[in-house]
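Inspection log for the structure reproduced underneath, given as structure tokens.
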Amino acid sequence: MRIEENRSDVKVKVSNESKRKRRQKKVSPVQRLYNTCKEVFADCGPDIVPSPEKIQTLVAVLDKISQADVDLRPNMLFFDGNRAPIITYLQLHECDKFSIGIFCLPPSSVIPLHNHPGMTVFSKLLFGTMHIKSYDWLDTKDKGDANPDGVAPVANHSNSYPDGLRPAKLKVNSEFTAHCSTSVLYPTDGGNMHCFTAKTACAVLDVLGPPYCDPEGRHCQYYFDYPLTDFPVDGVPVPDEEKDGYAWLKERENPEDLVLLGAPYDGPKITET
Ligand SMILES: [Fe+2]
């Protein structure tokens with residue numbers, strides 16, 4: 001009798017365990033992404049970058065997400081190249097720590113050069129081919145530090161540069177085709193200012209930590225870029241033979257030809273916890 005009772009207990013435990021495992025297996029990829037972001041950005045804020053381990057964890061989750069996981073296909077209206085080059089943003093989640101969203105770009109559409117102040121940004125190309133050009137400031141670090149490329153930084157000469165220009169180092173200038181690995185940019189490295197040009201219909205899943213926030217000074221600023229040789233380079237410590245790897249950036253108004261619309265996200269929902 002006792003044994004039978006024990007067997008019954010075991011059956012109940014096994015049953016509960018299998019149910020628990022089934023529930024775990026049912027966590028959708030976007031829910032897993034949200035759960036991971038909650039952990040990764042828990043102790044972060046402006047200019048506070050997650051640890052390398054946490055960054056790798058989030059990259060691994062993003063690397064596994066596909067277009068099917070967010071119910072997107074290149075033949076959807078968002079990506080129709082026959083209408084005006086309207087870029088659509090589907091927001092999956094936003095809180096004060098992070099945001100998750102998808103940019104849907106029809107062929108030939110462009111998100112002009114813009115910054116991500118104080119943010120760490122993860123970008124996963126879900127499908128398509130995209131050209132990415134990105135820069136980091138040459139003068140963001142304290143005097144005496146060397147940047148990761150070993151170039152001595154200049155002091156903040158912003159008042160002495162011509163006509164509101166500021167020197168930047170070219171970080172990326174290449175085409176990427178899905179499925180490529182998730183890219184990460186940081187507040188002062190990794191190409192914090194970038195420009196996206198869709199070579200085909202593209203979808204980009206973006207995670208921002210923290211999100212843009214005008215009241216907190218995290219405003220999306222757009223820029224023009226000019227060859228370094230277009231203006232005097234006094235005080236910019238770049239050897240002549242490397243000048244192609246640098247540019248002047250200049251702030252601009254929000255581009256009038258950029259049409260960026262929000263639309264409801266209709267894929268698997270996130271349960272906020
Ligand atoms: Fe961006």
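Derivation of every value follows stated rules applied to the coordinates shown; laboratory data play no part. In this text, all values refer to a predicted model and were calculated from it rather than measured experimentally. Cβ: placed from backbone, ideal geometry, glycine included. Neighbour counts: every protein chain shown.
Would you kindly state how much longer the chain becomes between Ala263 and Cys95 on full extension, computed as 0.36 nm times their sequence separation minus their alpha carbon distance, in nm to one decimal? Show your work: numbers first, answer last.
Working: separation 168, 0.36 × 168 = 60.48 nm, distance 1.80 nm.
This chain segment gains 58.7 nm when fully extended.
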Between segment 97-127 and segment 45-89, the Cα center-to-center distance that results, in Å: 7
Fewest-first ranking of Tyr222, Tyr135, Tyr161, using other Cβ atoms within 10 Å as the exposure measure: Tyr222, Tyr161, Tyr135
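Between Glu272 and Lys243, what is 0.36 nm times their sequence separation minus the Cα-Cα distance? Round to one decimal in nm. Provide the component values of the computation, followed by the final result.
Numbers: separation 29, 0.36 × 29 = 10.44 nm, distance 4.79 nm.
Going from the current span to full extension adds 5.6 nm.
Please compare each pair in Lys133/Lys199; Lys169/Lys250; Lys124/Lys199; Lys199/Lys250; Lys133/Lys169 to a cut-off of 22 Å on the Cα-Cα distance and tell me which ones are over it.
Working: Lys133/Lys199 13 Å; Lys169/Lys250 14 Å; Lys124/Lys199 16 Å; Lys199/Lys250 25 Å; Lys133/Lys169 11 Å.
Exceeds cut-off: Lys199/Lys250.
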Protection proxy ranking of 110-118, 256-264, 231-239 - average other beta-carbon atoms within 10 Å, highest first: 110-118, 231-239, 256-264
Sorted by Cβ neighbour density within 10 Å, fewest at the top, the residues Glu241, Glu39: Glu241, Glu39
